[in-house]
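Take this structure first; my questions come after.
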Amino acid sequence: MARQGEHIAEVTRRPHIRVGVIPWGAQATVFPPCGFDMYDEHTVVVGVVGGSAYYNDPADVARYVAMLADLQRLAVFGDGARVELRRIADEYRAFPDPGSEPSRARQV
């Protein structure tokens, strides 16, 4: 996870890529019930149990457009996103190495 965070931080420096990170302490005003992908304002792909759902009804898409706008207002971008991503990577690095501790698995 630490390397993934660092990689995403570096990707934010590329032109035409915009990555937003919602800081841990942000006062959340919106809570998406599941993950979703929106490539334009015509179709939304929503992750559901067992697969994906595609929404293209304008009223459904409008709800996701509004939710994305709310999430973007909570997020930091550019240097702020890189700071958050590096902080998260450092937190993952601070976790103990799972290979260095004796296994606590129960034998049956």
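Which value, in debye to the nearest 20, gives the size of the charge dipole of the stretch 1-86 about its Cα centre, when Lys and Arg are +1 and Asp and Glu are -1 at the Cβ? Kindly include the intermediate steps, with their values, before the conclusion.
Details: 8 positive and 10 negative charges, 76 e Å.
With Lys and Arg at +1 and Asp and Glu at -1, about 360 debye.
What Kirkwood hydrodynamic radius do you get for the stretch 23-74 when you take the inverse of the mean 1/r over all pairs of distinct Cα atoms, in Å?
11.8
So for the chain, averaging the separation of alpha carbon pairs under 8 Å that are six or more residues apart and normalising by length, what relative contact order in percent results?
Details: 104 pairs, mean separation 41.9, N = 108.
Relative contact order of the chain: 39 percent.
Test of understanding: ordering F77, F36, F31 by Cβ neighbours within 10 Å, fewest first, what list do you get?
F31, F77, F36
While we're on this one: Relative contact order for the stretch 23-74 using alpha-carbon pairs under 8 Å, separation at least 6, rounded to a whole percent?
33
So what is the 222 nm mean residue ellipticity for the chain from helices alone, if each DSSP H run of at least 4 adds -39500 (n - 2.57) and you divide by all residues, rounding to the nearest 500 deg cm²/dmol? Intermediate results must be reported in sequence, preceding the final value.
Details: 3 runs with 43 residues, N = 108.
Result for the chain: -13000 deg cm²/dmol, rounded to the nearest 500.
Ignoring the sites themselves, what is the longest stretch of the chain with no trypsin sites (Lys or Arg not before Pro) in a DSSP loop and at most 16 other beta-carbon atoms within 10 Å?
In the chain, the maximal stretch lacking such sites is 19-103.
For mean projected area of the Cα convex hull in nm², the choices are (1) 8.4; (2) 10.7; (3) 10.4; which was calculated from the structure?
For mean projected area of the Cα convex hull in nm², the calculated option is (3).
Continuing with this model, one more query. With springs connecting C-alpha atoms under 10 Å apart, model the chain as a Gaussian network and identify which of G78, G51, G35 has the largest mean-square fluctuation.
Its mean-square fluctuation being the largest, the pick is G51.
Taken together, the values in this text are just the output of simple stated rules run on the coordinates, not laboratory data. Bear in mind the structure is a predicted one, so any value in this text is a computation, not a measurement. Note that we place each Cβ from the backbone using ideal geometry, even for glycine, and neighbour counts take in every protein chain shown.
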